[in-house]
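To start, the structure itself, in structure tokens.
Where a number appears in this text, it was derived from the coordinates with a stated rule and is not lab data. These numbers were taken from a predicted model, which means no experiment stands behind them. All Cβ positions, even for glycine, are placed from backbone atoms using ideal geometry, and neighbour counts span all protein chains on display.
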Amino acid sequence: MIKPDGVQRNLIGKIISRLEDKGLKLVAIKFLRLTKEQAAEHYREHAGKEFYERLISLITSAPVVAMVWEGKNAVFIVRKLMGATDPAQADAGSIRGLYGMSMGRNIIHGADSVDSARREISIYFRPEELVSYEKTLETWIY
Ligand code: RTP
Ligand code: MG
């Protein structure tokens, strides 16, 4: 998910390009503003933590881009491309390393496991909104 700060900073195209360039395949995409309920479900693992209210308030403050990307080890690969949670610690070439300056404005979210991905996808997409298709390039990637 491209977070509100990523959208406001005009980074949608750059972020999508990085995931596409890596070889991941886009299977669903939606531009939306999260409701409080969606945000609470999305970040339920963080409920009660010191930063929780700030996190919910930021993620619901403006539109986001919710996306589903497919590929071998996609969860791990996306998190590598994102970089560490704190942009100050993130590898310089990663999305957060390149574009972020603070933990609370770290541009992008990525699921941390396949189970989280499944749960998060179901918050934003109906099963029929995930598009299954072949890309001819794939034989050159795998
Ligand atoms: P995300 O869930 O957004 O992809 O980020 P992540 O896995 O790298 O980090 P996570 O631990 O899940 O934290 C979720 C988001 O909460 C904000 N955060 N603030 N100490 C703090 O102030 C703090 N810790 C986390 C960050 O925006 C982080 O992305
Ligand atoms: Mg997380």
Label-point separation (nm) for Lys135 and Tyr52, each offset 7 Å from Cα along Cα-to-Cβ?
3.8
What number do you get for the chain when its Cα radius of gyration is normalised by 2.2 N^0.38 Å, N = residues?
1.02
Taking 8 Å as the Cα distance limit and 6 or more residues as the minimum spacing, I'd like the relative contact order of the chain as a percentage.
29
Sorting Lys135, Lys80 on the 10 Å Cβ count, fewest up front, what's the list?
Lys135, Lys80
What value, in deg cm²/dmol to 500, does the helix sum -39500 (n - 2.57) over DSSP H runs of n ≥ 4 give at 222 nm once divided by the residues of the chain?
-11000 deg cm²/dmol
Suppose we look only past 19 Å in the calculated P(r) of the range 68-142. What percent of the Cα-Cα pairs does that tail hold?
49
Using alpha carbon positions and the Kirkwood radius, the Rg to Rh ratio of the range 103-142 is 1.11
Identify the residues of the range 32-61 with backbone N under 12 Å of a label point that sits 7 angstrom from the Cα of Gln89 along the Cα-to-Cβ direction, or state none.
none
What full-extension length gain, to one decimal in nm, is calculated for Arg9 and Asp112 as 0.36 nm per residue of separation minus the Cα-Cα distance?
34.7 nm
Most mobile of Pro127, Pro87, Pro63 in a GNM of the chain (Cα contacts under 10 Å)
Pro127
Among Thr85, Thr60, Thr35, which one moves the most in a GNM of the chain with springs linking Cα atoms closer than 10 Å?
Thr35
What is the gain in length, in nm to one decimal, between Lys80 and Glu41 on full extension, counting 0.36 nm per residue of separation less the C-alpha to C-alpha distance?
11.6 nm
Looking at this model, which pairs from Lys3/Lys25; Lys22/Lys49; Lys25/Lys49; Lys14/Lys36 are more than 23 angstrom apart at the alpha-carbon?
Lys22/Lys49; Lys25/Lys49; Lys14/Lys36
